[in-house]
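J.: Take a look at this one; I'll ask things after.
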Amino acid sequence: MTPPPVPIPQSDPAAVFDAVPALDGELRFDGATLEAASGDFGRMVRQSPAAVLRPGSAEDVATMVRYCGERGVKVAGRGQGHSTNGQAQVPAGLVIDLGSLDSVEIRDNTAVVRSGARWSAVVRASLPLGLTPPAFTDYLELSVGGTLSAGGLGGQIGHHGTQVDNVLELEVVTGEGELTTCSPTERPDLFRAVLGGLGQCAIITRATLALVPAPRSVRFYVLTYPSVAALTAREAELIREGRFDYLIGQARLTPDGWTYFIEAAAYDASAADDARLTDDLGHTSAEVQDVDYFDFLNRIAPTMELFKSLGEWARPHPWYDSLLPASTVNDVVMETLAGLKSGSLGASAVILLYPILTAKCRTPLPVMPDEELAYLFSLLKTASPGADSAEEMVAANRVQYDATVEAGGRWYPIGSVPLTTEDWVHHFGAFWPEFRAARHRYDPDGILTPGQRIF
Ligand SMILES: Cc1cc2nc3c(=O)[nH]c(=O)nc-3n(C[C@H](O)[C@H](O)[C@H](O)COP(=O)(O)OP(=O)(O)OC[C@H]3O[C@@H](n4cnc5c(N)ncnc54)[C@H](O)[C@@H]3O)c2cc1C
């Protein structure tokens, strides 16, 4: 039994750490480290932890979770801090900076990865052996633990599902400080509640990831469409057919008004037959290029560097990400775009609109709409100078969330929306009883990941 929590002294939150046992890594209290763990990519929520653990081993994570549990101190894992709403923050608690656990080992057709490793490191390690993870996010500098806690959606979803669908085994530390492994056959309840589980039941310390043969090069197409309906209809056909290995879409405001793009890739450029792949797609224009596979996966990195140089990276990012059923997607997207004003999105905004075959997403989380075909619809906003304030954008996100729910959609929980407990219960839907039971089983004192504000 866990002893009752001892209150944290308000005057010096770090005093609670004065009896920490020997660790392989280090516990940090210095201002620079606390400052770095106090913010995130969203730049809207700032909460300082009392201490930051840079673990030298998974055992360190277990030791400190047990230590904190005995004292009623909250704990969260942190990967790259690229969430947007304080999800990896713990006011006056312990942040575990998993970046110090970042090894990647390729064993047979798997990658055995410490959870702080970035996806760029995973693919750099696997490619020399001709292998690759099958599913990616569009940015590779996110941690494995961070995206596996969210879900990990990307353009390979039509063939391979989400990143969490491609995990074979996890090593985790539960909220009780137990270091254990789980998989589809070993403690499957824990496995199901951790993948996409927003850090509520355990901290991931290691993941065994499936690998598949990697292409050397990619033929990459950008095809233009004149309307939302034209885009989504074509995307629906393409994802059902599986014609491309990678498929996403975007809406962009151009000098000619809203324009819609499919970005599609055929792996192994030398085998790609342009006529077979694109002649019947009804696009109004096309760009085609052959690119090295890694450069293709990493292709938004230069844009992120540009955003950094322009100062946009350091501004608030009140992102909104939703999953809409095919039956309502056009209405919601058209209404949303029509309602946007010049300052609604900011200077470096991206609007994603791409299809998902929900049956390919086999893990219960992230929760998908209840239709065979769904769409990711994301409004990746930046509160740039002259645009709406971050607070106004967050308020607009809440309105968008209500419209999403009304349309039978779900939230993809990486962005910034103020949600109540009732909203979360609705969000998890049929999986809520299982998720809540797992939380009570594996984190009975409720110390893990308070920044998600679910329990
Ligand atoms: C530029 C950019 C592009 C993105 N593109 C995509 C995309 O294409 N597809 C997509 O799905 N998402 C995308 N995201 C969102 C991203 O996947 C999530 O925000 C992800 O959680 C961030 O990973 P991180 O390592 O920064 O996690 P953090 O922000 O550090 O943590 C996020 C949450 O996960 C928890 N957590 C972190 N590590 C662990 C762990 N090891 N065990 C348990 N809990 C943990 C934290 O406590 C926190 O609650 C993008 C984000 C950015 C900034």
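The values are calculated or read from the model by the stated rules, or taken from the named source; none is laboratory data. Given the structure is predicted, the values throughout are model-derived calculations rather than measurements. Don't worry about glycine lacking a Cβ; one is built from the backbone with ideal geometry, like all the others, and counts go over all protein chains shown. Calculation scope for accessible area: heavy atoms of the full protein, side chains included, ligands and nucleic acids excluded. Shrake-Rupley method; radii C 1.70, N 1.55, O 1.52, S 1.80 Å.
J.: Nearest 500 deg cm²/dmol is fine: what mean residue ellipticity at 222 nm does the chain get from its DSSP H runs of n ≥ 4 alone, each adding -39,500 (n - 2.57), divided by its residue count?
T.: Value at 222 nm, helices only: -8000 deg cm²/dmol.
J.: Which helices, counted as full DSSP H runs in the chain, have an axial Cα extent of no less than 30 Å and a Kyte-Doolittle average of 0.5 or above?
T.: none
J.: With contacts defined as alpha carbon pairs under 8 Å and 6 or more residues apart, what's the relative contact order of the chain in percent?
T.: 17
J.: Now for a separate question. Please report Rg (one decimal) and Dmax (integer) in Å for the Cα set of the chain.
T.: 21.8, 70
J.: Multiply the residue separation of residue 303 and residue 168 by 0.36 nm, subtract the distance between their alpha-carbon atoms, and state the gained length in nm to one decimal.
T.: 45.3 nm
J.: Send over the Kirkwood Rh of region 217-416, from the inverse of the averaged 1/r over different Cα pairs, rounded to one decimal Å.
T.: For region 217-416, inverting the mean 1/r across all distinct Cα pairs yields 17.8 Å.
J.: Which order do 114, 441 take when ranked by solvent-accessible area (1.4 Å probe, heavy atoms of all protein chains), largest first?
T.: Result, largest first: 441, 114.
J.: Please identify the trypsin sites (Lys or Arg not before Pro) of region 295-404 that satisfy two criteria: DSSP loop assignment and at most 10 other Cβ atoms within 10 Å. Which are they?
T.: Sparse-neighbourhood loop trypsin sites (Lys or Arg not before Pro): 341.
J.: Using alpha carbons only, how many angstrom separate the centre of region 124-180 from the centre of region 294-336?
T.: That distance is 20 Å.
J.: Taking just the C-alpha trace of region 39-141, give me its Rg and Dmax in Å.
T.: For region 39-141, the Cα radius of gyration and maximum Cα-Cα distance read 15.7, 48 Å.
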